[in-house]
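A.B. asks: Following this message is one structure expressed as structure tokens.
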């Protein structure tokens, strides 16, 4: 039994590395790249969003929620191992945030919904993919909001554990998706 004055035992102090959590949290190593690991994590998220879009809207949503759940757990584990609140090599938050940007920014629009009015039709219809320019814009917008952290993005970082690591990127993703919707509406 430990006394109240002893520091809690963390993964770092116990010498244990959560290897699976590290692999997932770093997007299979993208987080270890020496320059701009968050940008490379966002690129992984962009590729996942693009690839899952061919499966349909519903599978893309399931992938996002899977990334979110795994991200909260792995981010918490790796942060505890590293002994820091938000280690730089954890990029699953960028992967998840970029995926959410694309999911919301390219969600089935009115023309797609008219073609697939039922939930089953909507679930298996492909996300209406805009040109590569919108993918690039979504990538840039997400990185800008993730780095800038306007209200309430920075405040979301204060949530405990993996929730704080992940949630700020989800809020940045919502801002970026709104920017994509505005650009699409304006025909840019």
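Just so it is clear, none of the values below were taken in a lab; they were calculated from the coordinates. Predicted model only: the values in this text are computed from it and were never measured. Quick reminder, even Gly has a Cβ in these numbers, built from the backbone with ideal geometry, and neighbours come from all protein chains shown.
A.B. asks: What is the fewest-to-most order of 96, 60, 66 by other Cβ atoms lying within 10 Å of their Cβ?
C.D. replies: So the ranking, lowest neighbour count to highest, is 66, 60, 96.
A.B. asks: Between residue 159 and residue 19, what is the label-point separation in nm under the 7 Å Cα-to-beta-carbon projection?
C.D. replies: About 3.1 nm, to one decimal.
A.B. asks: Taking other Cβ within 10 Å of each residue's Cβ, how do 154, 19 sort, fewest first?
C.D. replies: Ranking 154, 19 by Cβ neighbours within 10 Å, fewest first, gives 19, 154.
A.B. asks: Go ahead and run the numbers for FRET between residue 86 and residue 178, Cβ-Cβ distance against an R0 of 22 Å, rounding to 0.05.
C.D. replies: Between residue 86 and residue 178 the formula returns 0.35.
A.B. asks: Still on this structure, please answer the following. In whole angstrom, how far apart do the alpha carbon centroids of the stretch 166-188 and the stretch 16-43 sit?
C.D. replies: 24 Å
A.B. asks: Please rank 73, 163, fewest neighbouring Cβ atoms within 10 Å first, as an exposure proxy.
C.D. replies: With the sparsest Cβ surroundings first, the list reads 163, 73.
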